[in-house]
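What follows is a single structure, written as structure tokens, with notes after it.
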Amino acid sequence: MEPSVAPILTLCGFAASNYYNKVKLALLEKGVAFEEELVYPSGNEELLQASPMGKVPFVRTGAGVLSESQAIVEYLEDVFPDPPMYPAGTYARGKCREFIHLVELYLELPARRLYPAAFFGGAASDETKRDVASMLARGAKALARLSRFESFACGNALTYADCAAVVHFPLVSGATKLIYGEDLLAGVVGLRTYLQRMSERSHVVSVNRDRKAGMDAFIAYRAERAALAATRST
């Protein structure tokens, strides 16, 4: 789908962020015209004016600035209703939102405690590893009750649930493989095949390509900041 000529949005953040990519994938799938602005999280006052928690992503719109990925995709659905990316029917839309909340609160959020050790040379205590493994086991069982991943995450058409799933699940799986030596989502029926199928969509390919480049840039950025902090402390 070609981008529409609707008012341009600016998506702010960095391509290694899964929440940034959740919004980016939604924009691409809806065909909304947008620009990208590189922004890393910080406590900088200028950033806090745009994103009160100093996080990314946020979007600059003609009406103002909006942060938090779920708030952003809800805004997109209101402003750019075609093509719809929630199912028809209030109950089905509610189930789609339920799926997103489950993935982000009970899988991605606990797994995030492992990311420093898994991806950035940090460490995770044994207690952290036990706590996260327990939470992920419970979350994975709940996930299996919500979806069999036979087609898309929630029904027979792509929705915002898929935008969340394809950016969060590989990160959770990758972190757990590195920390525990096994993918703690491997037991979710249909998930692996679903992710492979989704990875072949053109917009997912594009997002993943940019994510890899963005991760290299983010690692270099972290190293530069660490070196600067070390210099200031001497």
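All of the numbers you see were taken from the coordinates with simple rules; none came from a lab. Because the structure is predicted, anything quoted here is derived from the model rather than measured. Every residue, glycine as well, gets a Cβ built from its backbone with ideal geometry; the counts of neighbours run over all protein chains shown.
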Burial ordering of 93, 148, fewest other beta-carbon atoms within 10 Å first: 148, 93
Rounded Å value of the spacing that divides the Cα centres of the stretch 61-105 and the stretch 165-198: 23
Interchain or long-range residues, amide H under 5 Å from residue 42's placed H: none
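For residue 8 and residue 189, compute 0.36 nm times the residue count separating them, minus their Cα-Cα distance, and round to one decimal in nm.
Details: separation 181, 0.36 × 181 = 65.16 nm, distance 3.96 nm.
Taking residue 8 through residue 189 to full extension adds about 61.2 nm, to one decimal.
Over the stretch 109-204, what relative contact order in percent results from Cα pairs under 8 Å that are six or more residues apart? Write out the running numbers ahead of the final one.
Details: 82 pairs, mean separation 29.9, N = 96.
Value for the stretch 109-204: 31 percent.
Set the Förster radius R0 to 45 Å, insert the Cβ-Cβ distance between residue 197 and residue 48 as r into 1/(1 + (r/R0)^6), and round the FRET efficiency to 0.05. Numbers along the way, then the final one.
Numbers: r = 40 Å, r/R0 = 0.89.
That pair, residue 197 with residue 48, gives E of 0.65.
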Relative contact order %, the chain, counting alpha carbon pairs below 8 Å whose residues are six or more apart: 21
Helix-only mean residue ellipticity at 222 nm for the chain, each DSSP H run of n ≥ 4 adding -39500 (n - 2.57), per residue, nearest 500: -18500 deg cm²/dmol
Links that overshoot a 28 Å alpha carbon limit, given the list 30/177; 95/212; 30/55; 129/212; 24/177; 177/212: 30/177; 95/212
Share, in percent, of DSSP beta bridges within the chain that are antiparallel, nearest 5: 60
Around residue 17: net Lys/Arg minus Asp/Glu count, Cβ-Cβ under 10 Å: +4
For residue 37, residues with placed amide H under 5 Å, excluding near neighbours: 11, 12, 13
Where labels lie 7 Å past Cα in the beta-carbon direction, separation of residue 205 and residue 134 in nm: 4.4
Neighbourhood charge, 11 Å Cβ-Cβ cut-off, centred on residue 190 and excluding it, Lys, Arg +1 and Asp, Glu -1: +2
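Mind ranking 80-90, 150-160 by how tightly packed they are, going by the mean number of other C-beta atoms within 10 angstrom, highest first?
Working: 80-90: 13.9, 150-160: 19.3.
Highest mean packing first, the order is 150-160, 80-90.
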Cα gyration tensor shape for the chain, rounded if a/c is under 1.5, else prolate or oblate: oblate
Charge tally in the Cβ shell below 14 Å around residue 130, where Lys, Arg are +1 and Asp, Glu are -1, residue 130 excluded: 0
In order through the stretch 154-170: 3J(HN,Hα) via Karplus (6.51 cos²θ - 1.76 cosθ + 1.60), integer Hz, x for Gly, Pro: 9, x, 9, 9, 5, 9, 4, 4, 5, 4, 6, 4, 6, 9, 8, 4, x
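Hey, fewest Cβ within 10 Å first, where do 180, 91 land in order? All intermediate terms of the calculation are to be shown ahead of the outcome.
Values: 180 15, 91 8.
Result, fewest neighbours first: 91, 180.
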